[in-house]
1. Could you state the number of Å between the C-alpha centres of segment 49-68 and segment 1-37?
2. 5 Å is the cut-off here: which amide hydrogens, built 1.01 Å from N in the peptide plane, fall below it relative to residue 63, excluding neighbours closer than 5 in sequence?
3. May I ask you to derive the relative contact order of the chain, considering only C-alpha pairs under 8 Å and at least 6 residues apart, and to give it as an integer percent?
4. For segment 4-94, please report how many Lys pairs fall under 18 Å Cα to Cα, leaving out neighbours fewer than 8 apart on the same chain.
5. With the other protein chains left in place, how much accessible area per residue, in square angstrom, belongs to the chain at a 1.4 angstrom probe?
6. With a 1.4 Å probe and all protein chains left in place, how much of the accessible area of the chain comes from carbon and sulfur atoms, in whole percent?
7. So which residue, out of 39, 69, 16, gets the largest mean-square fluctuation from a GNM of the chain using Cα contacts under 10 Å as springs?
8. As a check on your grasp of the helix formula, calculate [θ] at 222 nm for the chain: sum -39500 (n - 2.57) over DSSP H runs of n ≥ 4, divide by the residue count, round to the nearest 500.
Amino acid sequence: VRSNASLDKVVTIMNENPGLFIRVEAHTDNAGDDDANMELTQNRANAVKAYLVDKGTHADRITAVGMGETAPIADNDTASGRAKNRRVEIKMAF
């Protein structure tokens, strides 16, 4: 629910900028099986895309990509690092 407010802001930005395209990238930490993590993150990215589409953003303007554990931003050897690696990033392009 906390992320819904942020995603609603993305919907507003998309509506105000019809030439804007986004790439939704979901990430995870290195705990668990690599293939399972890839599937988990693809499902997470797809869920974000589905939410945005449900709110009126055209699906052709959104690419959803599961990144698995391939792009950590923090140390996976600590709990706080693993928490930072479990994230969704939205990248914009005009």
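The values are calculated or read from the model by the stated rules, or taken from the named source; none is laboratory data. Predicted model, so just to flag it, every value in this text is computed and none were measured. The area values use the complete protein model at the heavy-atom level, side chains included, leaving out ligands, DNA and RNA. Shrake-Rupley method; radii C 1.70, N 1.55, O 1.52, S 1.80 Å.
1. 8 Å
2. 22, 23, 24
3. Details: 153 pairs, mean separation 38.3, N = 94.
That works out to 41 percent.
4. On the way: 9/49; 9/55; 9/91; 49/91.
The number of close lysine pairs in segment 4-94 is 4.
5. On the way: 5690 Å² over 94 residues.
In whole numbers, the chain has 60 Å² accessible per residue.
6. Numbers: 2990 of 5690 Å².
With neighbouring chains kept in place, the figure for the chain is 53 percent.
7. 16
8. Values: 3 runs with 43 residues, N = 94.
When only DSSP H runs of four or more count, the value is -15000 deg cm²/dmol.
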